[in-house]
1. So which helices (runs of 4 or more DSSP H) are wholly in the chain and hold at least 3 residues that are touching a Lys or Arg at 6+ places or on another chain (Cβ under 8 Å)?
2. Any residue that is among the acidic types (Asp, Glu) and surrounded by 13 or more Cβ atoms within 10 Å (Cβ to Cβ) - is there at least one of those in the stretch 27-41?
3. Show the residue pairs meeting these rules: Cβ distance below 9 Å; 6+ apart or different chains; first residue within the stretch 48-71 and touching a residue at least 24 places away in the same chain (Cβ under 8 Å); second residue of a type in the set (Gly, Ala, Ser) and in a strand (DSSP E or B).
4. Restricting to the stretch 36-94, and then to whatever is among the aromatic types (Phe, Trp, Tyr) and at pLDDT 85 or above, can you tell me which residue is farthest from the chain's Cα centre (by Cα)?
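The values are calculated or read from the model by the stated rules, or taken from the named source; none is laboratory data. Fair warning: this is a prediction, and the values are worked out from it, not measured in the lab. Because the Cβ atoms are built from the backbone with ideal geometry, glycine has one as well, and the counts that use them run over all protein chains shown.
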Amino acid sequence: MGLHDTMRALSDPTRREILQMLKRGTMSAGDLAAKFDMSAAAVSRHLAVLKEAELVRDKREGKFIYYTLNASVLEEILLWVKDLRGDDDHVENL
């Protein structure tokens, strides 16, 4: 994972919305696609970008693919921003 990939993934509002949905729990690719007014292929591409950035993990079960949020990457970015700012406060205060 590179910072560039993560920032590129987070720059898109659709991908941020997908992350918000996954914050509530694991969802199938089909369930995620049903929430958007775009083709399943377009949602699949967004999921691929999120996966490349390691912001989500996927697991195949039969013919379904399930996605979960990988919050550890987001935590790393928050720590990096905190360090960049030079704050002595906790990350929660950003």
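1. Hits in the chain: 40-52.
2. yes
3. Phe64/Ser28; Ile65/Ser28; Tyr66/Ser28; Tyr67/Ser28
4. My answer is Phe64.
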